[in-house]
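For reference, the structure is listed below as structure tokens.
What follows draws every value from the coordinates through simple rules; no lab data is involved. Treat the numbers as computed from the prediction; the structure is a model and nothing was measured. All Cβ positions, glycine included, derive from the backbone under ideal geometry; neighbour counts span all protein chains shown.
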Amino acid sequence: MKNKHKLNKYKLLTIISIFVILGLISLVFTVYHRYSSDILYLTPPVVTFSGIIDKIGKDYVTVSNYIEPKSPYVVQDIPPSYINKYLAITPQPPKKITYRVKITTNTIISRPPLNIPYLFQAPSSSPSQISINDIKEGEYVTIMFPRDLRLPNSSEESAISLSLLPIPNVINGKITAIKQNILTVEGSPSPTSPENSSISEIHKIYLVNISDKTEISRYTPPDIRSANPVEAKKEKFQLKDLAFNMPIVVYTDVDVTTNDHVNALRIEPVTDVPLSGTSQQTTLIP
């Protein structure tokens, strides 16, 4: 009778142990699958995602980026190659991660205002909040989400905000022709951030329209290193002061990567301007 009782006791303990083990396995499995399989490529918590806009729909955008996985080891002053070799870590290639992002009526879409550094006019302000109709495919964007993207079912999320890069509205180039109030400028767009630095490799011929509202000016910083220190100064010029082959910077109100005929809001000669008559106005800055 005692042996039978012991046997039943062992059976009960065995059954309980099996259920405990299965419960632990189920718990680990559940916790593991709470997170996206892309977790290694992202750092916690993930509430923002930056990338290129692949597609634009009526109320959504698709954004992608190639992300390198984060190393599980954080070791100061040790090369990654050493860690990979001696800790047997297999390097993982970058992975393309894509999110379909819902744009709701509460989503704030914005971009920084135009960069027009006037010297003799009051800076003009432009609205920074825009709509989905102002977005273009291929633009770089940073999106903020209401929850951690590593959680399941987050391949499509509603966006809290969508921030675009500033419009590349500046041309670096030289004057190749002047006809009345139109300059022909051979040049390249000026990048607005490291994310669009490649646009500086674009070379185009621009037709630059100059109006009576165009400011032609230049700022010269102070030179305190010479024996005779020179104060900072602002100089204002006229159209007749511009010359063939003169390097200039043109500030416009449009994207100069897609527009060839632009209106100049400000023009800054890069080198000394050969004066024509008395058109120069100089202001020393104390």
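Structure data summary
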{"read-out": "Chain lengthening between T104 and I182 when straightened (0.36 nm per residue, less Cα-Cα)", "value": "23.8 nm"}
{"read-out": "Cross-link pairs K58/K136; K213/K233; K174/K233; K136/K204; K179/K236; K179/K234 - those with Cα-Cα distance over 19 Å", "value": "K213/K233; K174/K233; K136/K204; K179/K236; K179/K234"}
{"read-out": "Per-pair calculated FRET efficiency, R0 = 22 Å: I205 and D255 via Cβ, rounded to 0.05", "value": "0.85"}
{"read-out": "Binned Cα-Cα distances of the range 170-285, short to long, each 5 Å bin given as a whole percent", "value": "2, 11, 20, 22, 17, 13, 9, 5, 1, 0"}
{"read-out": "Positive minus negative residues near V141 (Lys, Arg vs Asp, Glu; Cβ under 13 Å)", "value": "-2"}
{"read-out": "Under 5 Å, built H, 5+ apart or other chain: amide partners of I130", "value": "I109, S110, R111"}
{"read-out": "Sites N228 and V270, calculated FRET efficiency, Cβ-Cβ separation with R0 30 Å, nearest 0.05", "value": "0.80"}
